[in-house]
1. Just to confirm the number: angle between the C-alpha axis of helix 79-104 and the first principal axis of the chain, 0 to 90 degrees, nearest 10?
2. Per DSSP H run of n ≥ 4, the term is -39500 (n - 2.57); total these for the chain, divide by its residue number, and report the mean residue ellipticity at 222 nm rounded to 500 deg cm²/dmol.
3. Given 10 Å bins starting at zero, what is the percent of C-alpha pairs of segment 11-104 in each, up to the one with the largest pair distance?
4. Which residues among segment 15-45 fall inside the zone where the amide N is under 13 Å from a point 7 Å beyond the Cα of Arg75, along Cα→Cβ?
5. Cα axis of helix 49-75 to longest principal axis of the chain: angle in degrees, 0 to 90, nearest 10?
6. Give me Ser38, Ser32, Ser89 ranked fewest to most by other Cβ atoms within 10 Å of their Cβ, as a rough exposure proxy.
7. Specify the angular offset, from 0 to 90 degrees and rounded to the nearest 10, of the alpha carbon long axis of helix 13-41 from the longest principal axis of the alpha carbons in the chain.
Amino acid sequence: MSDTDVNVTPTRVPALIALLLAVVGTGGMVWSFPLGISAALDGSGAGATPYAAIFLIAAVLVLAALAISIVCLARGLARPIAAIALIVSLVPIVGVIILRIAAVS
């Protein structure tokens, strides 16, 4: 038996990547949002530009996690992990929508 006879399919890897991206992206958004607001309202600092950049990068990570977790669910790859990644990636999206509605009202 050689190494080419073994069929190994890493089914959990994409779901775990989605979960990692969702956790890191959500954490980045939760960390940078209030600090960016306080930096924007404080006149003595360098401004809120670094926090806005971190927020946007974290938002891209969350969107990537959302897409990967949907693909994993559609293909049936590690469905529990993909479902957790989907829920974690939806939390900041729903939060941003709620903050937008609250800001307009």
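1. 20 degrees
2. -28000 deg cm²/dmol
3. Final binned percentages: 19, 40, 26, 12, 3, 0.
4. 15-18
5. Once rounded, the angle reads 30 degrees.
6. Going from least to most buried by this count: Ser38, Ser32, Ser89.
7. 0 degrees
A short reminder: the numbers here are calculations on the coordinates, not readings from a lab. These figures come from a predicted structure and were not determined experimentally. FYI the Cβ positions are ideal-geometry reconstructions off the backbone, even for glycines, and counts take in every protein chain you see.
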